[in-house]
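Working notes for the structure below.
The values are calculated or read from the model by the stated rules, or taken from the named source; none is laboratory data. Please read all numbers here as calculations on a predicted model, not as lab measurements. Here the Cβ positions follow ideal geometry from the backbone for every residue, glycine too, while neighbour counts run over all protein chains shown.
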Amino acid sequence: MSLRFRQFARWLGSRSVFDLASCAALAALVVLAVWTFQDYAISNDEGVQHQYGELIVAYYKSGFTDQSLFKLDNLYLYGGLFDIAALGLAQILPVDQYELRHLLCALIGIGGIAAAGATARLIAGPRAAFFAIVALALCGSWYGGMYNHTKGIPLASFMAGAMYFLIRATRDLPTPRMRDVIGFGTMTGAALGIKSLGLLLVGYAGLAILMNLPRPVIGHWQERSRFAMRSALWFLPGFMIAYVIMIAAWPWAALSPLNPVRGLLSFGDFHYHIRTILFGKFYEMADVPRSYVPTYIAIRLPLLTLGATLLSLALVALPARISGIGGTHRRELGLIAFAAIFPVACQVVTEGPALDGCRHFLFVFPAIAVLAGVGLSTSIGALARLHRNALIVWLAVLATCFTWTAGKLYHLHPYEYLYYNQLVGGLEGASRRFVTDYWVNIMPEAVEELHEYLDRTEPETAQTNVYRVAVCGERVSYEEYARPNLQWIKMYDWRLADFYIAPTHMNCDRTLAGKVVARIERLGVTIGVVKDRRAVREPEE
C-alpha cells in the first residue's frame, strides 16, 4: 500500500473532517430552507390543523369551558404542539401564517436530520453520521414533506431526538446521566404532543433496558432484576416530563390516563371512504394489502440508501466475528433496526389501514438513515482494508449516486416528495400507478397558469369577470393564491365550472372534461392540469 493511499485512507477515517462536513451539510440545509420555504403550497390538512391549534388556545383561555376542539372531526386524537407553537410565533414574526408553518416544519425536519446524524455518530463515528445526514436529506419523501407535513415530520424528528438521548442514556445504565434522561423525556413528550405514536418510545426504552441487562449467571437473576428496576426508576423523571408536555399540548390526553393508549389503538380502526393506489389498483384505505407500506418505503428511498440499510441489517444479523460489530455498538444498532422495522411489521401483521403511500410512517425514516449511514461507513472501511482501487471505485459510485439523486430533487422542486426510485422507473413509472401529488402542492403553480391564460386570452376582463373554478383540492389553499374574481365552487356545482384545476394523482384530472390549457410537469411527467370547461359545461337552470 503506497504512502499516498495510506494518507488518503487516514483522511477518510478522520473524525474532524467528517464532523466538519456534517456541520456544513446541516448549515446548507438551513440556508436552503430559509431560501425556498415560500415555494411550497398549503397542504390539504393545514387549514384544519391551524383551526385545531386555535381551538386548543381557546380551550385554555376559557378555563376549559370551550369544548369546541373535541368536536372538530377526529383532531382531538392528535396533539397540537406544532400548531400551538406556530400560532405563538405568528404573534411575534411578521410572516404569513402558513409560510411560517412551512419554515418551522422545515427547521424541525432539519433537526430530525441532525438527530439521525448524531445517533449514527454515537454508534459508528463521524463518517457514519455524515452519510446518515446525506441519506435522509436526499430522501424525497422526507425533504419534500419537510415543509408542509406538519404532523409527520415533527413526530419523526422528535422521535429521532428521543432515540439519540435513549442510546446515550443506556450507555450508563443502571444509573444514566440525568441530562440524557431529561433529553429523552423532553423529546418523548414533544412526540406525544404531536401524535400518540410517540408511545412507541416508552416501549423502546423498556427494550433498551432489557438489551443491556448483565449477562445471565446461574443463581444471579436477582441482580438482573435489580438492574432492570433501578434503570426503570432512573427513567421515571423523563417519563414525568414527557407526560406533562403531552397533556399540555394534547387536551384530550389529559381527560383520562388511558386516552393516549385509546388514541393509539383508534388509528387501527380508521375506516374512512378514502381511496389510495398501489401498482395501478385502487383500494379503500382500510383494505390495502399487507405489502402496501413496505412497498412504498422500498420504492421511495434512493436505491443507495435502501441497499446500505439492508447491509446494516445484515451486520446486525451476522455473528460479531463476521460483521466486525459487537458489544455495545451491536446492541445499539439492533435497537435502531428494531425502531425501523417493528412499526412497519405491526402494520403488516394487523393489516392496518394506510393511505398516501408511506407518509404516516415517516417516523421510521431517521432510523433507516442511521442504518444507511452505518452501512455506507462500514463499506468504506472494509474496502479501505481490502484494496485501493476497490475503494476508489466505490467512492466514485457513492458520489455519482448522491449527485444523481440531488439532481432529481432539484428538478422536482418544489415537489420533491414525488421522488420514486428506479425500482418503478422513477416518477414516470409511478405516474397513475402510485400516489403522487396527494397534498395538491401544484396549487400555486396551477393558479398562476390560470392567471396567465386569462391575461393572455381575455386581457380586458381577466381581472374583472367572475369565473367559477372547480378544484380537486382544499378551498383554503386555492383561495390563498387565486384572484378574488376566480370563484371557488363546491363539488355539487362542479358541472357549472368554467375552469378546473386538478393533480393527476388518483386520476383526479379526469373527473371533469375540458380543454387542457396548462400542464404542470416535472421530469417530463404531467402532475397537474388546468382545464377550460366553458365549451362543455352544463348551462345554468
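Below are the figures for this structure:
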{"item": "Which numbered condition VAL344 fails, given (1) within 25 Å of SER431 (Cα to Cα); (2) buried (at least 18 other Cβ atoms within 10 Å of the Cβ)", "result": "(2)"}
{"item": "Residues of the range 245-261 satisfying the condition of being over 18 Å from ALA190 (Cβ atoms) and in contact (Cβ under 8 Å) with a residue 60 or more places away in the chain", "result": "VAL261"}
{"item": "Filtered residues of the range 144-153 (kept if within 8 Å of the chain's Cα centre (by Cα) and of a type outside the set (A, V, I, L, M, F, W, C))", "result": "GLY145, HIS149, GLY152"}
{"item": "Filtered residue count, the range 489-511, keeping only those that are under 16 Å from ARG537 (Cα atoms) and either outside the structural domain of ASP455 (by TED's automatic domain parsing) or surrounded by fewer than 19 Cβ atoms within 10 Å (Cβ to Cβ) (or both)", "result": "9"}
{"item": "Flag for ASN421 being of a type outside the set (A, V, I, L, M), crowded, with 17+ Cβ neighbours inside 10 Å and more than 19 Å from ALA502 (Cβ to Cβ)", "result": "yes"}
{"item": "Residue in the range 424-445 that is crowded, with 20+ Cβ neighbours inside 10 Å and closer than 26 Å to ALA314 by Cβ present", "result": "no"}
{"item": "Residue match in the range 429-442 (condition: on the phi < 0 side of the Ramachandran plot, free of Cβ contacts under 8 Å to residues at least 40 places away in the same chain and not assigned by TED's automatic domain parsing to the domain that holds PRO484)", "result": "yes"}
{"item": "Search result, residues across the range 522-535 that are in contact with a strand residue (DSSP E or B) (Cβ under 9 Å, 6 or more places away or on another chain) and exposed (fewer than 15 other Cβ atoms within 10 Å of the Cβ)", "result": "ARG534, ALA535"}
{"item": "Criterion (in contact (Cβ under 8 Å) with a residue 60 or more places away in the chain, among the small types (Gly, Ala, Ser) and over 30 Å from ALA41 (Cα atoms)) met by exactly one of ALA242, ALA160, ALA208", "result": "ALA208"}
{"item": "The range 81-107 - residue that is in a loop (DSSP other than H, G, I, E, B) and either modelled with pLDDT of 95 or more or hydrophobic (A, V, I, L, M, F, W, C) (or both) and, of those, nearest to ALA33 (Cα to Cα)", "result": "VAL95"}
{"item": "Residue selected from the range 471-527 under the condition among the basic types (Lys, Arg) and either in a helix (DSSP H, G or I) or touching a Ser or Thr at 6+ places or on another chain (Cβ under 8 Å) (or both), by the criterion nearest to HIS451 (Cα to Cα)", "result": "ARG519"}
{"item": "Count - residues of the range 341-353 that are small (Gly, Ala, Ser) and either at pLDDT below 90 or within 15 Å of ARG300 (Cα to Cα) (or both)", "result": "1"}
{"item": "Qualifying helices (runs of 4 or more DSSP H) (wholly inside the range 215-311; at least 2 residues being in the same structural domain as ILE194 (by TED's automatic domain parsing) and modelled with pLDDT under 95)", "result": "221-249, 251-255, 259-266"}
{"item": "Members of the range 55-114 that are under 19 Å from the mean Cα position of the chain (by Cα) and of a type in the set (Phe, Trp, Tyr)", "result": "TYR78, PHE82, TYR98"}
{"item": "Residue in the range 39-58 that is free of Cβ contacts under 8 Å to residues at least 12 places away in the same chain and either surrounded by fewer than 17 Cβ atoms within 10 Å (Cβ to Cβ) or in a helix (DSSP H, G or I) (or both) present", "result": "yes"}
{"item": "Scan of the range 62-80 for residues that are part of a helix (DSSP H, G or I) and of a type in the set (A, V, I, L, M), ordered by number", "result": "LEU69, LEU75, LEU77"}
{"item": "Residues of the range 455-470 satisfying the condition of being part of a strand (DSSP E or B) and more than 16 Å from GLU445 (Cβ to Cβ)", "result": "TYR467, ARG468, ALA470"}
{"item": "Some residue of the range 387-409 being in contact with a helix residue (DSSP H, G or I) (Cβ under 8 Å, 6 or more places away or on another chain), under 21 Å from LEU301 (Cβ atoms), among the small types (Gly, Ala, Ser) and assigned to a helix (DSSP H, G or I)", "result": "no"}
{"item": "Pairs with Cβ under 6 Å, 6+ apart, first in the range 394-408 and in the same structural domain as PRO302 (by TED's automatic domain parsing) and farther than 22 Å from LEU418 by Cα, second buried (at least 16 other Cβ atoms within 10 Å of the Cβ) and not aromatic (Phe, Trp, Tyr)", "result": "TRP394/LEU383"}
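Conditions tested, residue by residue: (1) surrounded by 14 or more Cβ atoms within 10 Å (Cβ to Cβ); (2) among the hydrophobic types (A, V, I, L, M, F, W, C); (3) more than 30 Å from ALA120 (Cα to Cα); (4) touching a Phe, Trp or Tyr at 6+ places or on another chain (Cβ under 6 Å).
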site: HIS273; (1), (2), (3), (4): no, no, yes, no
site: LEU278; (1), (2), (3), (4): yes, yes, yes, yes
site: MET285; (1), (2), (3), (4): yes, yes, yes, no
site: THR295; (1), (2), (3), (4): yes, no, no, no
site: ALA298; (1), (2), (3), (4): yes, yes, no, no
site: THR305; (1), (2), (3), (4): yes, no, no, no
site: LEU311; (1), (2), (3), (4): yes, yes, no, no
site: ALA314; (1), (2), (3), (4): no, yes, no, no
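Okay, residues lined up against (1) crowded, with 24+ Cβ neighbours inside 10 Å; (2) in contact with a helix residue (DSSP H, G or I) (Cβ under 9 Å, 6 or more places away or on another chain); (3) part of a helix (DSSP H, G or I); (4) on the phi < 0 side of the Ramachandran plot:
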| site | (1), (2), (3), (4) |
| --- | --- |
| ALA169 | yes, yes, yes, yes |
| ASP180 | no, yes, yes, yes |
| THR186 | no, yes, yes, yes |
| ILE194 | yes, yes, no, yes |
| LEU197 | no, yes, yes, yes |
| LEU210 | no, yes, yes, yes |
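For every residue, the table says whether it meets (1) more than 27 Å from HIS102 (Cβ to Cβ); (2) among the small types (Gly, Ala, Ser).
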residue: PRO459; (1), (2): yes, no
residue: ALA470; (1), (2): no, yes
residue: GLY473; (1), (2): no, yes
residue: TYR481; (1), (2): no, no
residue: PRO484; (1), (2): no, no
residue: TYR492; (1), (2): yes, no
